[in-house]
Amino acid sequence: MELPDQAAPGVETLAAAAADTACALADMAGPAGWNLAAAEDAVDAIDTIAAALADIDPEATRLLAAIPAATKALLRHFGQDQDDDAASPAAAVRPPQLPKPRRRGLGPGWQGIPGASAKR
């Protein structure tokens, strides 16, 4: 599959910023610079980007399907408590599920529903 020459507005800029940030993180952290919270945040970023790329087409979904399982295994390796069923043989046979994309906020300036917070 060939991708179009032009990305959606802002996508190319955000992808470049994500790549620059990932490089800066790798340079700054080094092997001894991580803690569990930082690793969890990095894994969330990896999973979110993988899910976004997997939405391109079914083949992209197939190619990226192993990433969530790999990042979950990495967190288990670092000592994060996981469900016992994740280590069971049945869990290893199931194809990994990509995470749902994070929900976006309603945007700046949203004031809520008028009268919703009024005392009754």
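Taking into account only those residues within the stretch 54-69 that are assigned to a helix (DSSP H, G or I) and open to solvent by less than 60 Å² (accessible area, probe 1.4 Å), which is nearest to residue 1 (Cα to Cα)?
First, the residues of the stretch 54-69 that are assigned to a helix (DSSP H, G or I): 54, 58-64, 67-69.
Keeping just the survivors that are open to solvent by less than 60 Å² (accessible area, probe 1.4 Å) gives 54, 60-61, 64, 67-69.
On the way: 54: 13, 60: 9, 61: 13, 64: 15, 67: 21, 68: 23, 69: 25 Å.
Restricting to residues being assigned to a helix (DSSP H, G or I) and open to solvent by less than 60 Å² (accessible area, probe 1.4 Å), the top hit is 60.
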Checklist outcome for this item: Scanning the stretch 4-53 residue by residue, those open to solvent by 90 Å² or more (accessible area, probe 1.4 Å) and either touching a Pro at 6+ places or on another chain (Cβ under 6 Å) or over 23 Å from residue 68 (Cβ atoms) (or both) turn out to be 4, 5, 6, 9, 12, 13, 20, 27, 28, 31, 32
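The values are calculated or read from the model by the stated rules, or taken from the named source; none is laboratory data. Every value quoted in this text rests on a predicted model; they were computed, and no experiment measured them. Glycine also receives a Cβ, built like all others from the backbone with ideal geometry; neighbour counts cover every protein chain displayed. What goes into the accessible areas is simple: the full protein's heavy atoms, side chains included, and nothing from ligands, DNA or RNA. Shrake-Rupley method; radii C 1.70, N 1.55, O 1.52, S 1.80 Å.
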